[in-house]
Amino acid sequence: ETGVTQSPTHLIKTRGQQVTLRCSSQSGHNTVSWYQQALGQGPQFIFQYYREEENGRGNFPPRFSGLQFPNYSSELNVNALELDDSALYLCASRAGGVNTEAFFGQGTRLTVV
Amino acid sequence: AQSVTQLGSHVSVSEGALVLLRCNYSSSVPPYLFWYVQYPNQGLQLLLKYTSAATLVKGINGFEAEFKKSETSFHLTKPSAHMSDAAEYFCAVSDRTSYDKVIFGPGTSLSVIP
(Lines give C-alpha, C1' and ligand atoms only; values in the text may rest on other atoms or scores of the structure.)
Protein backbone atom coordinates (compact mmCIF):
# COMPACT_ATOMS: atom_id res chain seq x y z
CA GLU A 1 0.00 0.00 0.00
CA THR A 2 1.44 3.34 -1.12
CA GLY A 3 -1.35 5.59 0.09
CA VAL A 4 -2.01 6.72 -3.49
CA THR A 5 -5.40 5.62 -4.76
CA GLN A 6 -6.75 5.84 -8.28
CA SER A 7 -10.29 5.49 -9.54
CA PRO A 8 -11.78 3.80 -11.35
CA THR A 9 -9.59 0.72 -11.67
CA HIS A 10 -10.97 -0.21 -15.07
CA LEU A 11 -12.88 1.77 -17.67
CA ILE A 12 -14.20 1.15 -21.17
CA LYS A 13 -14.97 4.11 -23.41
CA THR A 14 -15.93 4.63 -27.03
CA ARG A 15 -13.72 6.46 -29.50
CA GLY A 16 -14.52 10.17 -29.48
CA GLN A 17 -15.77 10.23 -25.89
CA GLN A 18 -14.21 12.07 -22.97
CA VAL A 19 -12.88 10.50 -19.78
CA THR A 20 -11.84 11.70 -16.32
CA LEU A 21 -9.46 9.70 -14.17
CA ARG A 22 -8.90 10.50 -10.51
CA CYS A 23 -5.97 10.25 -8.15
CA SER A 24 -5.90 10.75 -4.40
CA SER A 25 -2.40 11.60 -3.25
CA GLN A 26 -0.68 10.37 -0.15
CA SER A 27 -1.22 12.69 2.79
CA GLY A 28 1.18 15.65 2.75
CA HIS A 29 2.18 15.21 -0.90
CA ASN A 30 1.83 18.39 -2.96
CA THR A 31 3.31 17.13 -6.22
CA VAL A 32 1.55 14.72 -8.55
CA SER A 33 2.63 13.31 -11.90
CA TRP A 34 0.65 11.34 -14.46
CA TYR A 35 1.98 8.64 -16.77
CA GLN A 36 0.58 6.60 -19.66
CA GLN A 37 1.75 3.00 -19.92
CA ALA A 38 0.80 1.23 -23.12
CA LEU A 39 0.78 -2.56 -23.07
CA GLY A 40 4.30 -3.97 -23.03
CA GLN A 41 5.98 -0.56 -22.75
CA GLY A 42 7.44 1.66 -20.09
CA PRO A 43 5.42 4.54 -18.64
CA GLN A 44 5.49 7.84 -20.50
CA PHE A 45 5.35 11.14 -18.63
CA ILE A 46 2.19 13.14 -19.38
CA PHE A 47 2.44 16.09 -16.97
CA GLN A 48 3.11 17.13 -13.42
CA TYR A 49 1.25 19.41 -11.02
CA TYR A 50 2.71 21.26 -8.06
CA ARG A 51 0.44 23.22 -5.74
CA GLU A 52 -2.39 23.27 -8.30
CA GLU A 53 -0.24 24.52 -11.20
CA GLU A 54 1.00 22.48 -14.17
CA ASN A 55 4.75 22.40 -13.75
CA GLY A 56 6.00 20.23 -16.60
CA ARG A 57 4.55 18.41 -19.58
CA GLY A 58 5.61 15.54 -21.78
CA ASN A 59 4.93 15.04 -25.47
CA PHE A 60 1.16 14.71 -25.26
CA PRO A 61 -1.45 16.73 -27.20
CA PRO A 62 -3.65 19.38 -25.52
CA ARG A 63 -6.61 17.00 -25.37
CA PHE A 64 -4.79 15.55 -22.36
CA SER A 65 -5.41 18.00 -19.51
CA GLY A 66 -5.36 17.93 -15.76
CA LEU A 67 -6.31 19.54 -12.52
CA GLN A 68 -4.95 19.53 -9.03
CA PHE A 69 -7.22 20.52 -6.18
CA PRO A 70 -6.43 22.35 -2.90
CA ASN A 71 -6.33 19.00 -1.08
CA TYR A 72 -3.75 17.91 -3.72
CA SER A 73 -5.96 15.26 -5.26
CA SER A 74 -5.79 15.30 -9.04
CA GLU A 75 -7.67 14.55 -12.22
CA LEU A 76 -6.55 13.56 -15.70
CA ASN A 77 -8.97 14.44 -18.49
CA VAL A 78 -8.74 13.11 -22.00
CA ASN A 79 -10.98 14.48 -24.73
CA ALA A 80 -11.80 12.98 -28.13
CA LEU A 81 -10.55 9.54 -27.18
CA GLU A 82 -8.60 7.56 -29.74
CA LEU A 83 -7.98 3.84 -29.88
CA ASP A 84 -4.28 4.46 -29.10
CA ASP A 85 -5.27 6.04 -25.79
CA SER A 86 -5.95 2.53 -24.49
CA ALA A 87 -3.39 2.09 -21.71
CA LEU A 88 -2.74 1.90 -17.99
CA TYR A 89 -2.73 5.42 -16.53
CA LEU A 90 -0.59 5.85 -13.45
CA CYS A 91 -0.36 8.72 -11.04
CA ALA A 92 2.49 9.29 -8.62
CA SER A 93 2.65 11.69 -5.71
CA ARG A 94 5.51 12.96 -3.62
CA ALA A 95 6.22 15.51 -0.97
CA GLY A 96 7.86 18.76 -1.98
CA GLY A 97 11.58 19.19 -1.69
CA VAL A 98 14.57 17.75 -3.41
CA ASN A 99 14.87 14.05 -4.15
CA THR A 100 11.79 12.91 -2.27
CA GLU A 101 10.41 9.55 -3.34
CA ALA A 102 7.41 9.34 -5.64
CA PHE A 103 4.75 6.78 -4.73
CA PHE A 104 2.64 5.26 -7.48
CA GLY A 105 -0.98 4.25 -7.46
CA GLN A 106 -2.11 0.96 -8.96
CA GLY A 107 -3.39 2.68 -12.07
CA THR A 108 -6.54 2.92 -14.14
CA ARG A 109 -6.82 0.56 -17.09
CA LEU A 110 -8.55 2.47 -19.92
CA THR A 111 -9.83 0.61 -22.95
CA VAL A 112 -11.08 2.60 -25.93
CA VAL A 113 -13.25 0.70 -28.38
CA ALA B 1 17.23 14.56 -25.02
CA GLN B 2 17.31 11.94 -22.33
CA SER B 3 16.72 8.30 -23.14
CA VAL B 4 17.07 4.89 -21.53
CA THR B 5 17.84 1.55 -23.10
CA GLN B 6 17.48 -1.80 -21.39
CA LEU B 7 19.29 -4.70 -22.98
CA GLY B 8 17.07 -7.75 -23.05
CA SER B 9 13.31 -7.50 -22.93
CA HIS B 10 13.18 -10.89 -21.18
CA VAL B 11 15.69 -12.39 -18.78
CA SER B 12 15.44 -15.82 -17.17
CA VAL B 13 17.53 -16.94 -14.21
CA SER B 14 17.48 -19.96 -11.95
CA GLU B 15 16.45 -19.57 -8.34
CA GLY B 16 19.58 -18.72 -6.35
CA ALA B 17 21.49 -17.44 -9.38
CA LEU B 18 22.81 -13.93 -9.94
CA VAL B 19 20.36 -11.40 -11.36
CA LEU B 20 21.83 -8.83 -13.77
CA LEU B 21 19.56 -6.39 -15.57
CA ARG B 22 21.27 -3.94 -17.88
CA CYS B 23 20.51 -0.25 -18.29
CA ASN B 24 22.23 2.44 -20.31
CA TYR B 25 21.17 6.06 -20.40
CA SER B 26 21.87 9.20 -22.33
CA SER B 27 21.65 12.58 -20.69
CA SER B 28 23.23 15.93 -21.43
CA VAL B 29 23.36 16.84 -17.75
CA PRO B 30 24.16 14.82 -14.62
CA PRO B 31 21.16 12.59 -14.17
CA TYR B 32 19.09 11.08 -11.48
CA LEU B 33 18.70 7.35 -12.12
CA PHE B 34 16.07 4.96 -10.84
CA TRP B 35 15.09 1.32 -10.90
CA TYR B 36 11.42 0.45 -10.45
CA VAL B 37 9.68 -2.92 -10.19
CA GLN B 38 6.15 -3.63 -11.37
CA TYR B 39 4.21 -6.74 -10.41
CA PRO B 40 1.24 -7.82 -12.55
CA ASN B 41 -1.72 -5.46 -12.37
CA GLN B 42 0.06 -3.16 -9.94
CA GLY B 43 1.74 0.21 -9.99
CA LEU B 44 5.46 0.86 -9.79
CA GLN B 45 7.59 0.44 -6.69
CA LEU B 46 10.94 2.18 -6.31
CA LEU B 47 13.81 -0.25 -5.79
CA LEU B 48 16.61 2.31 -5.60
CA LYS B 49 17.80 5.64 -6.94
CA TYR B 50 21.07 7.39 -7.68
CA THR B 51 21.25 11.09 -6.87
CA SER B 52 25.01 11.77 -7.07
CA ALA B 53 26.08 10.46 -3.70
CA ALA B 54 27.75 7.03 -3.62
CA THR B 55 28.03 5.38 -7.03
CA LEU B 56 27.04 1.99 -5.58
CA VAL B 57 23.44 2.25 -4.52
CA LYS B 58 21.74 -0.29 -2.30
CA GLY B 59 17.99 -0.73 -2.52
CA ILE B 60 15.22 -2.83 -1.16
CA ASN B 61 14.90 -6.62 -1.40
CA GLY B 62 18.65 -7.14 -1.75
CA PHE B 63 19.03 -5.25 -5.04
CA GLU B 64 21.84 -2.84 -5.80
CA ALA B 65 23.04 -0.85 -8.80
CA GLU B 66 26.28 0.85 -9.74
CA PHE B 67 26.47 4.18 -11.56
CA LYS B 68 29.30 4.17 -14.11
CA LYS B 69 29.59 7.56 -15.77
CA SER B 70 32.24 6.45 -18.27
CA GLU B 71 29.95 3.69 -19.52
CA THR B 72 26.69 5.65 -19.04
CA SER B 73 25.36 2.56 -17.32
CA PHE B 74 23.30 1.78 -14.23
CA HIS B 75 22.97 -2.00 -14.15
CA LEU B 76 20.83 -3.68 -11.49
CA THR B 77 22.09 -6.77 -9.65
CA LYS B 78 21.04 -9.16 -6.95
CA PRO B 79 23.33 -11.98 -5.76
CA SER B 80 20.65 -14.65 -5.41
CA ALA B 81 17.29 -14.68 -7.18
CA HIS B 82 14.09 -15.59 -5.38
CA MET B 83 10.87 -16.72 -6.97
CA SER B 84 9.23 -13.55 -5.67
CA ASP B 85 11.61 -11.44 -7.82
CA ALA B 86 9.72 -12.42 -10.99
CA ALA B 87 8.32 -9.12 -12.28
CA GLU B 88 8.85 -6.31 -14.79
CA TYR B 89 11.79 -4.01 -14.08
CA PHE B 90 12.13 -0.48 -15.40
CA CYS B 91 15.21 1.71 -15.46
CA ALA B 92 14.49 5.43 -15.54
CA VAL B 93 16.25 8.77 -15.71
CA SER B 94 15.45 12.39 -14.91
CA ASP B 95 17.58 15.48 -14.78
CA ARG B 96 18.24 18.03 -12.11
CA THR B 97 16.17 20.73 -13.77
CA SER B 98 13.07 18.56 -14.09
CA TYR B 99 13.16 15.93 -11.37
CA ASP B 100 9.58 14.75 -11.93
CA LYS B 101 9.84 14.36 -15.70
CA VAL B 102 11.01 10.77 -15.45
CA ILE B 103 11.90 8.98 -18.67
CA PHE B 104 11.43 5.22 -18.44
CA GLY B 105 13.09 2.47 -20.38
CA PRO B 106 11.04 -0.20 -22.16
CA GLY B 107 11.38 -2.65 -19.29
CA THR B 108 12.86 -6.09 -18.72
CA SER B 109 10.67 -9.00 -17.72
CA LEU B 110 12.46 -11.22 -15.20
CA SER B 111 11.51 -14.87 -14.89
CA VAL B 112 12.88 -17.03 -12.07
CA ILE B 113 13.07 -20.74 -12.76
CA PRO B 114 12.74 -23.08 -9.77
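A few notes on this one:
- Comparing Cα centroids, the stretch B:35-81 and the stretch A:65-113 end up 24 angstrom apart.
- B:ASP85, B:ASP95, ranked by accessible area, largest first (probe 1.4 Å): B:ASP95, B:ASP85
- Inverting the pair-averaged 1/r between distinct Cα atoms of chain A gives 13.9 Å as its Kirkwood hydrodynamic radius.
- Semi-axis lengths, largest first, of the ellipsoid equivalent to the protein assembly as shown are 29, 20, 16 Å, with √(5λ) applied to each eigenvalue of the Cα gyration tensor.
- Protein accessible area in the stretch B:58-114, 1.4 Å probe - carbon and sulfur %: 55 percent
- Expected-Rg normalisation [2.2 N^0.38 Å, Cα atoms] applied to the stretch A:59-113: 1.32
- Residues losing 50 Å² or more accessible surface upon assembly, the stretch B:6-55, compared with the chain by itself, 1.4 Å: B:LEU44
- Long-range Cα-Cα pairs in chain B (distance over 26 Å), rounded percent: 14 percent
- Reach of B:LYS69 by Cα under 20 Å, taken over aspartates and glutamates that are not fewer than 8 positions away in the same chain: B:ASP95
- Candidate cross-link partners of B:LYS68 among the lysines, defined by an alpha-carbon separation under 25 Å and a same-chain spacing of 8 or more, comprise B:LYS49, B:LYS58, B:LYS78, B:LYS101.
The values are calculated or read from the model by the stated rules, or taken from the named source; none is laboratory data. Remember, predicted model here, so these are calculated numbers, not experimental data. Surface areas here come from the heavy atoms of the whole protein model, side chains and all, with no ligands, DNA or RNA. Shrake-Rupley method; radii C 1.70, N 1.55, O 1.52, S 1.80 Å.
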